[in-house]
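For reference, the structure discussed in these notes is given below.
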Amino acid sequence: FDVSSSTLSSLGLNNPDFIATIKIQDFTYTYKFKLQSDGNYAVIGDDSVMVKKVSADSCKYLSYSTTDFYSTWVFMESIDNISNLTLKTADKTYSFDIEENTKSENDDDTYVITYEGKNDIKSSEFQTFYRFCISLMCSDFTTDTFDADEALSITYTYKDKSVTPVTVSFKKASATKYQYSLNGTAMGKINSSEFIKVDKYLQQ
């Protein structure tokens with residue numbers, strides 16, 4: 001029922017097993033965890049006035065490895081924030097301008113998609129393709145250094161010009177994997193089957 005130095009020392013919180021610090025803009029808050037002999041954790045935060053006993057079942061993240069904290073999404077961004085989607089293959093560049101359709105109340109015409117000066121691509125069909133692009137999943141967080149040309153890059157340009165565009169690029173790593181990078185930083189790998197689908201749907 002206190003957080004005196006002697007109490008923290010007796011519970012081992014002066015040498016915690018796990019420290020979690022949360023930062024939101026200028027606000028910072030830290031938790032400390034120490035496993036006890038009864039299988040529960042002793043936990044305190046920056047403003048704690050007592051030490052709390054927390055079940056290990058509600059702290060499973062304490063046993064995570066680093067990659068367990070990673071998102072498996074390759075890149076997730078709402079189409080509402082994007083003004084252009086450009087995909088570049090070894091043979092061709094496809095550039096799609098995206099604007100909100102303010103003249104239509106039809107849900108199938110939410111956006112005006114312009115490609116090569118024409119806007120005859122159905123919004124619903126483009127949204128399906130866009131949804132697939134942002135649904136690509138990382139299957140392997142290991143990265144390798146190897147010499148290979150980019151097989152595909154996808155650049156997301158934001159409506160907010162102050163936000164830097166994001167380019168997701170892919171290189172063939174093996175018969176079953178493509179390694180992807182975000183703005184030049186290697187992040188992980190996706191399955192070849194997913195990459196093949198992107199290329200197939202892009203052609204369509």
First compute the accessible area of segment 6-104 with a 1.4 Å probe, then give the percent of it belonging to carbon and sulfur atoms.
48
Using label points projected 7 Å from each Cα along Cα→Cβ, tell me how many nm separate V3 and N119, to one decimal.
5.7
Compute the orientation-averaged projected area for segment 15-78 from the convex hull of its Cα atoms and round it to one decimal in nm².
6.5
Gyration tensor verdict on the chain (Cα atoms; rounded if a/c is under 1.5, prolate if a/b is larger than b/c, oblate otherwise):
prolate
S83's amide H: which non-local residues (gap 5+, or another chain) put their own amide H closer than 5 Å, with H modeled 1.01 Å from N in plane and none for Pro or chain starts?
T157, Y158, K159
Hey, quick one: spin label on S83, modelled 7 Å out along Cα-Cβ, who in segment 144-182 has an amide N within reach, i.e. under 17 Å?
155-167
Extension gain from A148 to E105, taking 0.36 nm per residue of separation minus the Cα-Cα distance:
10.8 nm
Which of G188, T164, S37, positive extreme of dipole for the chain (C-beta unit charges)
S37
Would you compute, from DSSP H runs of 4+ residues alone, the mean residue ellipticity of the chain at 222 nm, taking -39500 (n - 2.57) per run and dividing by the full residue count, rounded to the nearest 500?
-4000 deg cm²/dmol
With every protein chain left in place, what is the accessible area per residue of the chain in square angstrom, probe 1.4 Å?
64
Which of K92/K177; K88/K189; K32/K189; K161/K197 exceed 26 Å between C-alpha atoms? The answer is K32/K189; K161/K197
Excluding residues fewer than 8 positions from K200 in its own chain, the aspartates and glutamates with Cα under 15 Å of it are D91, E125
Over segment 101-204: Rg over Rh, Cα atoms, Kirkwood Rh:
1.03
I'd like the FRET efficiency for D199 and Y29, computed as 1/(1 + (r/R0)^6) with the beta carbon distance as r and R0 of 41 Å, rounded to 0.05.
0.35
For a quick protection proxy, order the peptides 193-203, 20-30, 166-176 by their average other-Cβ count within 10 Å, most packed first.
166-176, 193-203, 20-30
Local electrostatic count, C138, Cβ distance below 15 Å [Lys/Arg +1, Asp/Glu -1]
-1
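The values are calculated or read from the model by the stated rules, or taken from the named source; none is laboratory data. What you see is a predicted model, and the numbers here were worked out from it, not measured in a lab. Glycine also receives a Cβ, built like all others from the backbone with ideal geometry; neighbour counts cover every protein chain displayed. Side chains included, ligands, DNA and RNA excluded: accessible areas come from the protein's heavy atoms. Shrake-Rupley method; radii C 1.70, N 1.55, O 1.52, S 1.80 Å.
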